[in-house]
Amino acid sequence: MCGGDEAGRGAILGPLVISLVSIKKTSLHKLSEIGVRDSKMLPDKRRRLLYNEIVKIADDVKVDRILPSEINEAMKSKISLNELEAIRFARLFDTMDGDVDVVYLDSPDVAPEKFGVRFNLSSSKPTKVVGVKSDMRGVRCTRIISEHKADTRYPIVSAASIIAKVTRDKEIAKIERELKMPIGSGYPADQETIGMIRENLKNDKLKEYIREYWSTLDQIKQKKLNF
């Protein structure tokens, strides 16, 4: 079985990181035994320790980084973030070896099954979305279960959320080293992030890491003009 989750979806700065973790059903209990749960419910040190344990337990761990430039290009082309994320999840799933019976996805879509359908349409492997009518009867295929709050319901999705979160934190640290300045978490609610962006709007290097089509950026620019 396999679980998928992301980190950095609502950020204004840095990549959106997605992860898929697969494990044999007979080993699933090990995730609960080591204390795996939604990454947002864990302190940083604990997440980093669990990251290493998950890698040891899992059959496969896949990670993809969707760069701000890719998000900007997609939104410029009227491709929603939900659609972009589902496409990249499907491509990541296509790289996995072995048979997967079921994939649990933490859905960002208002209608949770819609994210599963986007995934299904983008994957080259035979899949069917649970709860959605399909013409795949009699065909051996992977079941896709796309739900809200899957990261709190299923340990395999919690594991993916930890992998994604720790990976994104490492990416943020790399950006700080590249820019040679503290940038905070990269989220709009982080005043360190917002203050840094406001003071460095003309920094071309910083622009590589900014999501241009976020309303937060427009607000920062407006406040800078009125300051």
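General remarks:
- The set of residues in the stretch 131-151 that are among the β-branched types (Val, Ile, Thr), modelled with pLDDT under 95 and touching a helix residue (DSSP H, G or I) at 6+ places or on another chain (Cβ under 8 Å) contains only 132.
- Selected residue (criterion: surrounded by the fewest Cβ atoms within 10 Å (Cβ to Cβ)) from residues of the stretch 165-183 that are closer than 23 Å to residue 47 by Cα and free of Cβ contacts under 8 Å to residues at least 40 places away in the same chain: 177
- Selection within the stretch 101-124: residues that are of a type in the set (Val, Ile, Thr) and over 22 Å from residue 37 (Cα atoms). The member of this set that is surrounded by the fewest Cβ atoms within 10 Å (Cβ to Cβ) is 110.
- Residue within the stretch 80-93 that is surrounded by 16 or more Cβ atoms within 10 Å (Cβ to Cβ) and among the polar types (S, T, N, Q) present: yes
- One residue from 142, 167, 152 being more than 25 Å from residue 50 (Cβ to Cβ), hydroxyl-bearing (Ser, Thr, Tyr) and in the same structural domain as residue 81 (by TED's automatic domain parsing): 142
- Restricting attention to the stretch 113-136 and to residues that are touching a residue at least 24 places away in the same chain (Cβ under 8 Å) and of a type in the set (S, T, N, Q), the residue that is farthest from residue 150 (Cα to Cα) turns out to be 124.
- Residue match in the stretch 18-34 (condition: touching a Ser or Thr at 6+ places or on another chain (Cβ under 7 Å) and surrounded by fewer than 19 Cβ atoms within 10 Å (Cβ to Cβ)): no
- Filtered residue count, the stretch 64-112, keeping only those that are among the hydroxyl-bearing types (Ser, Thr, Tyr) and within 21 Å of residue 148 (Cα to Cα): 3
- Only residues that are in contact (Cβ under 8 Å) with a residue 60 or more places away in the chain and either surrounded by 12 or more Cβ atoms within 10 Å (Cβ to Cβ) or touching a Pro at 6+ places or on another chain (Cβ under 8 Å) (or both) were counted across the stretch 42-54, and they come to 6.
The values are calculated or read from the model by the stated rules, or taken from the named source; none is laboratory data. These numbers were taken from a predicted model, which means no experiment stands behind them. No Cβ is skipped: glycine too gets one built from the backbone with ideal geometry, and neighbour counts run over all protein chains shown.
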